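J.: What follows is a structure written as structure tokens; I'll ask about it next.
The values are calculated or read from the model by the stated rules, or taken from the named source; none is laboratory data. Just so we're clear, the structure is a prediction, and the values are computed from it rather than from any experiment. In this analysis, Cβ positions are derived from the backbone assuming ideal geometry, glycine residues included, and neighbour counts consider all displayed protein chains. Heads up: the accessible areas ignore ligands, DNA and RNA and are worked out on the full protein's heavy atoms, side chains in. Shrake-Rupley method; radii C 1.70, N 1.55, O 1.52, S 1.80 Å.
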Amino acid sequence: MFNLVVKDFKLGVSPIFLIMPLLTGALMLIPAWIYFLVPLYFCWITIPNMFGGFKAQNDLIFTAMMPVTKKDMVKARITVLVVLEILHIGIAMIFGMITLRLYPELTYYFFSPHMGFWGLCMVMLAIFNLIFIPMYYKTAYKFGKALAASLTAAMLFAGIAQWLGIRSAFLADVFNGAGADRTALQASILIAGIALFAAFTIAAYRIAVKRFLKVEIQ
């Protein structure tokens, strides 16, 4: 499985996709921006281009010719996906910390980039994975409908969460007010987001394996 991950990074993941986290992460430096857009750029840009590249290269047939199992094929591809997601979030978090120090007195209308916000981003990516991965592995070839459905769900979550953060005085205080400075509270939200991300991605992997085992590779 490790060799499949290396193969994907060497042959299927363009170097630009490893630079993208820096480019999109730098958008965190924009004062009081809609920071949900930063991880969403990964879904909008990296995912369609990367999976389109795999499709154009006939990667499915090429990989199937190797002495590997379908289960390992799924596990390797999801591993690549998760590594890139974590890379995007991790670099964006660094830029977010810089932003908080550059503009300490800034008034945020949208969510500020404290730890709790990143917990919400992990939930958003968890929803994306739970929908995209199983739908994609119905064929392991076509990704358009899976991308459209997962993007819609992720954006819907982000939109509702942000709307509630604006409308609810309690949530506004948690993410932008006095609660944003409470380390334990913010860390709890982040940990919960990471836990959901792990649980949803594992569930997506298991469903994907079951579906991919039924796919006839031609």
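J.: For the chain, what is the accessible area per residue in Å² when the probe is 1.4 Å? Walk me through the numbers before you get to the answer.
T.: Numbers: 10840 Å² over 218 residues.
About 50 Å² of surface per residue is accessible.
J.: Suppose R0 equals 25 Å; then what is the FRET efficiency for LEU22 and THR139 from their Cβ-Cβ distance, rounded to the nearest 0.05? Write down the numbers at each step before the final one.
T.: Working: r = 33 Å, r/R0 = 1.31.
Efficiency computed from Cβ-Cβ geometry: 0.15.
J.: Taking the alpha carbon gyration tensor of the range 2-213, what are the square roots of 5 times its eigenvalues, largest first, to the nearest whole Å? Could the numbers behind the result be given before it?
T.: On the way: eigenvalues 227, 59, 40 Å².
Over the Cα atoms of the range 2-213, the ellipsoid semi-axes are 34, 17, 14 Å.
J.: Same structure, new question: Towards the positive end of the charge dipole of the chain, with charges on Cβ (+1 Lys, Arg; -1 Asp, Glu), say which of ILE133, VAL174, SER150 has the farthest Cα.
T.: Comparing the listed Cα positions along the dipole, ILE133 ranks first.
J.: Per-residue counts of other Cβ atoms within 10 Å, averaged by peptide: what ranking do you get for 95-104, 69-78, highest first? Kindly include the intermediate steps, with their values, before the conclusion.
T.: Values: 95-104: 14.5, 69-78: 19.9.
Put in order of decreasing packing, that is 69-78, 95-104.
J.: So the label point goes 7 Å from the Cα of ILE61 along Cα→C-beta, right? Which residues of the range 123-156 then have their backbone N under 20 Å from it?
T.: So the set is 137-144.
J.: What's the Kirkwood radius of the range 46-99 in Å, using all Cα pairs? Please list the in-between numbers first.
T.: Working: mean 1/r = 0.0768 Å⁻¹.
Result for the range 46-99, one decimal place: 13.0 Å.
J.: Same structure again: Rounded to a whole number, what % of the accessible area of the chain do carbon and sulfur atoms account for, probe 1.4 Å? All intermediate terms of the calculation are to be shown ahead of the outcome.
T.: On the way: 7620 of 10840 Å².
Within the chain, the accessible surface is 70 percent carbon and sulfur.
J.: How far is it, in nm, from the label point at ALA169 to the one at THR183 when both lie 7 Å from their Cα along the line to the Cβ?
T.: Result: 3.0 nm between the two label points.
J.: If the label point is 7 Å along Cα→Cβ of PHE2, which residues in the range 61-83 have backbone nitrogen under 15 Å from it?
T.: Within reach of a label on PHE2: 76.
J.: Would you calculate the separation in nanometres between label points at TRP33 and VAL215, each defined as 7 Å from the Cα along the Cα-to-beta-carbon direction?
T.: Label at TRP33, label at VAL215, 3.4 nm between them.
J.: Based on the mean of other Cβ atoms within 10 Å per residue, sort peptides 20-27, 105-112, 127-134, 164-171 so the most packed one is first. Working shown, then result.
T.: On the way: 20-27: 18.1, 105-112: 15.1, 127-134: 23.8, 164-171: 13.5.
Per-residue mean Cβ counts within 10 Å order the peptides as 127-134, 20-27, 105-112, 164-171.
J.: For the chain, what does -39500 (n - 2.57) per DSSP helix run (n ≥ 4), summed and divided by total residues, give at 222 nm, in deg cm²/dmol to the nearest 500? Before the final figure, lay out the partial values.
T.: Values: 10 runs with 154 residues, N = 218.
Per the formula, -23000 deg cm²/dmol.
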